[in-house]
1. Going through segment 108-133 one residue at a time, which ones are surrounded by 14 or more Cβ atoms within 10 Å (Cβ to Cβ) and more than 21 Å from L160 (Cβ to Cβ)?
2. Take the residues in segment 69-84 that are more than 18 Å from G134 (Cα to Cα) and either of a type in the set (K, R) or without any contact (Cβ under 8 Å) to a residue 24 or more places away in the chain (or both); name whichever of them is least open to solvent (accessible area, probe 1.4 Å).
3. Which condition does A48 not pass, out of (1) within 15 Å of L160 (Cα to Cα); (2) part of a helix (DSSP H, G or I), if it passes all the others?
4. Filter segment 134-161 down to residues that are within 29 Å of K94 (Cβ to Cβ) and either among the hydroxyl-bearing types (S, T, Y) or open to solvent by less than 30 Å² (accessible area, probe 1.4 Å) (or both), then give me how many there are.
5. As an exercise: evaluate S74 against (1) closer than 24 Å to T50 by Cα; (2) in a strand (DSSP E or B) and give the number of the one condition it does not meet.
6. Is there a residue being part of a helix (DSSP H, G or I) and either of a type outside the set (G, A, S) or touching a Phe, Trp or Tyr at 6+ places or on another chain (Cβ under 6 Å) (or both) anywhere in segment 149-164?
7. Any chance you could count how many residues in segment 38-68 are farther than 24 Å from E138 by Cβ, modelled with pLDDT of 95 or more, surrounded by 14 or more Cβ atoms within 10 Å (Cβ to Cβ) and among the hydrophobic types (A, V, I, L, M, F, W, C)?
Amino acid sequence: MKFTEKKVTTSSLASSSCNIFTISFMIALFFLSSCSYNEENIMKEEIAATVDEFATHYFNFDFNNTLNACTPESRKWLSFISSNVLQEDIDILKAQKEGAWHETEDINLTSDTTATAVCKVFNFLKIDTLGRAGRMTEQATYKIPMVKRNGKWLVKMEGLPQNEKQNLD
């Protein structure tokens, strides 16, 4: 029986070690990126759920329940908008066959505690804060600022939501 003789040199060992290191590095990188991707998806799902709660209540004039999706400092804006609802607005809302509805189109994570959601709203009453009755609006797009506090995503109102088409900065 004849055995083949193979000499192991330091260069072949180094090459093998390098290949093993490269493969190990690639596997680790894959797992880290997939964990990060999953974490980002989880955050986006949590944000979308809060945006859904906010938009459902806010654009259907249920301001008391809107508070559950907002930061405490947003209360002043909800108080402001609710104090501007006229009887004519209520009459317009009651005459509608269906309430407002929305779609969350995009979520932009700006950090692990801040984000902006883009929400398209359909069939809603756009209130007038100057003492005139609001008007039904077919559709508008809003950017909704979000913050994470105590592990929960909340809407941070820094003013009344503004239609994006009006904000052409």
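The values are calculated or read from the model by the stated rules, or taken from the named source; none is laboratory data. Everything numeric in this text was worked out from a predicted model, so none of it was measured. FYI the Cβ positions are ideal-geometry reconstructions off the backbone, even for glycines, and counts take in every protein chain you see. SASA here: full protein model, heavy atoms, side chains in, ligands and nucleic acids out. Shrake-Rupley method; radii C 1.70, N 1.55, O 1.52, S 1.80 Å.
1. L109
2. Of the residues in segment 69-84, the ones more than 18 Å from G134 (Cα to Cα) are 69-76.
Of the ones still in play, those that are also either of a type in the set (K, R) or without any contact (Cβ under 8 Å) to a residue 24 or more places away in the chain (or both) are 72, 75-76.
Details: P72: 102, R75: 135, K76: 132 Å².
The selected residue is P72.
3. So the condition that A48 fails would be (1).
4. To start, the set of residues in segment 134-161 that are within 29 Å of K94 (Cβ to Cβ) comprises 134-142, 144, 155, 157, 159-161.
Narrowing the set further to residues that are either among the hydroxyl-bearing types (S, T, Y) or open to solvent by less than 30 Å² (accessible area, probe 1.4 Å) (or both) leaves 134, 137, 140-142, 144, 155, 157, 159.
Residues that pass the stated criteria total 9.
5. Of (1) closer than 24 Å to T50 by Cα; (2) in a strand (DSSP E or B), only one is false for S74: (2).
6. Within segment 149-164 (the criterion being part of a helix (DSSP H, G or I) and either of a type outside the set (G, A, S) or touching a Phe, Trp or Tyr at 6+ places or on another chain (Cβ under 6 Å) (or both)), the answer is yes, since at least one residue qualifies.
7. Total meeting the criteria: 2.
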